[in-house]
Amino acid sequence: MVSPAIGVEKLRKLRRGFGGALVCGAYGNGNGDGVFPPFLPKQVEKIKDPFARSLAQRIQRLPVQIGPSGSCIMSSCVKPEIRSNDNPVVLLHCFDSSCLEWRCTYPLLEEAGLEAWAVDVLGWGFSDLERLPPCDVASKRHHLYQLWKSHIKRPVILVGPSLGAAVAIDFAVNYPEAVEKLVLIGASVYAEGTGNLSKLYRPLAYAGVSLLKSFPLRLCSNLLTYKSISFATSFDWTNVGLLHCLLPWWEDATVNFMKSGGYNVIAQIKQVKQKVLVIWGEHDQIVSNKLAMRLQHELQDAIMHHIPDCGHLPHLEKPNSVAKLIADFAQGDCCQEAHFNNFKHVKRPNSVVESIADLN
């Protein structure tokens, strides 16, 4: 296995040598051939982050059957360039996000020799939803299962950050044969769904959802989410996080999810039978570290690792640390100190509305 630290140096060289290498306006087939797939919004050309641009070039759409009549959704994901004899890693994303969320960590996982899939959860990301299916929890679960059944076909190490942790728990409990292990990052798993938002009149629901693609709101969210990134980086990452919202079906899919009631996995946590790695940013201002300790306590077989000097999304802020933790855990070599709940130096986070946190 190649150390993820080597990958970091490789990516630093990529960043230094990236200026002007990509041709704006170039679109291709999603095979990482130096151009963007044609289904991405044209605004992808404005993204500056070289890791986001590089991963965006690799996004593909794969057919996933969702109905008994054989109807398919062309579902967006990043497929692995390498295939391994070991079980693959499947990377989910946060609420209202996309596979581009893994732009910093994904190359390091590949550098570590892992077979990694970064998939878009139904209703978010860059899948073709022109014929909009239901986007409730059951539909998201079924879609992920069909993608797994059609294209992955082996038990996976399923990784879920923030609300993606709820997606991962729901999937692991319902399809235990598909999941070998779980990795939960900054897990937002104690919310009782979308609450009163599910009862909004539809015009009000659309008005509320339209605010979610407000650039100022998402920029403020980024400033709360991360511990130590610059304003310029936060500005660019806001554009990355907004990209999937520019697809024409985004509002309909998001309202559909909100009105359905959303994720409530509190009762499922104790049903998880897989081994779980819980990762938490030491300075997470979104989800309390008390909830992290509660989660570890309620899971049947869990270990904890917190990452110093880090906010809510360690896989973006500290990708080298997260890549190494995932690689070690996937290969059954997670360091023993991860068993300790050492939060004694962590300051209590400010109270922040959790639903804003994932708008990265």
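Restricting to helices (runs of 4 or more DSSP H) lying wholly in segment 258-354: which have 3 or more residues that are at pLDDT 95 or above, under 17 Å from the mean Cα position of the chain (by Cα) and surrounded by 15 or more Cβ atoms within 10 Å (Cβ to Cβ)?
Once the helices (runs of 4 or more DSSP H) in segment 258-354 are filtered for at least 3 residues that are at pLDDT 95 or above, under 17 Å from the mean Cα position of the chain (by Cα) and surrounded by 15 or more Cβ atoms within 10 Å (Cβ to Cβ), what remains is 314-317, 319-330.
Within segment 140-158, does at least one residue satisfy the condition of being touching a Phe, Trp or Tyr at 6+ places or on another chain (Cβ under 7 Å), small (Gly, Ala, Ser) and either over 23 Å from Gln331 (Cα atoms) or open to solvent by less than 10 Å² (accessible area, probe 1.4 Å) (or both)?
No, segment 140-158 has no match at all.
Going by the conditions given, is Glu180 under 19 Å from the mean Cα position of the chain (by Cα) and of a type in the set (Asp, Glu)?
Answer is yes for this residue.
Taking Lys46 and the conditions (1) surrounded by 15 or more Cβ atoms within 10 Å (Cβ to Cβ); (2) farther than 30 Å from Phe329 by Cα; (3) touching a residue at least 24 places away in the same chain (Cβ under 8 Å), which numbered condition does it fall short on, given that it satisfies the others?
That leaves (1) as the condition not met.
Which condition breaks for Ala166 when tested against (1) open to solvent by 10 Å² or more (accessible area, probe 1.4 Å); (2) at pLDDT 95 or above; (3) among the small types (Gly, Ala, Ser)?
Single failed check for Ala166: (1).
Take segment 110-135 and flag every residue that is under 20 Å from Lys259 (Cβ atoms) and in contact with a Gly (Cβ under 6 Å, 6 or more places away or on another chain).
Of everything in segment 110-135, just one residue is under 20 Å from Lys259 (Cβ atoms) and in contact with a Gly (Cβ under 6 Å, 6 or more places away or on another chain), namely Cys135.
Would you call Leu243 touching a residue at least 12 places away in the same chain (Cβ under 8 Å), in a helix (DSSP H, G or I), surrounded by fewer than 19 Cβ atoms within 10 Å (Cβ to Cβ) and hydrophobic (A, V, I, L, M, F, W, C)?
The answer is no for Leu243.
Taking His297 and the conditions (1) within 22 Å of Pro216 (Cα to Cα); (2) without any contact (Cβ under 8 Å) to a residue 40 or more places away in the chain, which numbered condition does it fall short on, given that it satisfies the others?
(1)
Taking into account only those residues within segment 173-232 that are free of Cβ contacts under 8 Å to residues at least 60 places away in the same chain and of a type in the set (S, T, N, Q), which is surrounded by the fewest Cβ atoms within 10 Å (Cβ to Cβ)?
Ranking the qualifying residues of segment 173-232, first place goes to Asn196.
Check Gly70 against each of (1) open to solvent by 30 Å² or more (accessible area, probe 1.4 Å); (2) under 19 Å from Asp236 (Cβ atoms) and name the one condition it does not meet.
(2)
Read through the list (1) out of contact with any His (no Cβ under 7 Å at 6 or more places or on another chain); (2) among the aliphatic types (A, V, I, L, M); (3) closer than 26 Å to Leu242 by Cβ, then give the number of the only condition that Leu122 fails.
Here Leu122 meets the rest and fails (1).
Within segment 171-229, restricting attention to residues that are of a type in the set (Val, Ile, Thr) and part of a loop (DSSP other than H, G, I, E, B), which residue is farthest from Glu317 (Cα to Cα)?
Here the residue is Thr194.
The values are calculated or read from the model by the stated rules, or taken from the named source; none is laboratory data. Predicted model only: the values in this text are computed from it and were never measured. Glycine also receives a Cβ, built like all others from the backbone with ideal geometry; neighbour counts cover every protein chain displayed. Surface areas here come from the heavy atoms of the whole protein model, side chains and all, with no ligands, DNA or RNA. Shrake-Rupley method; radii C 1.70, N 1.55, O 1.52, S 1.80 Å.
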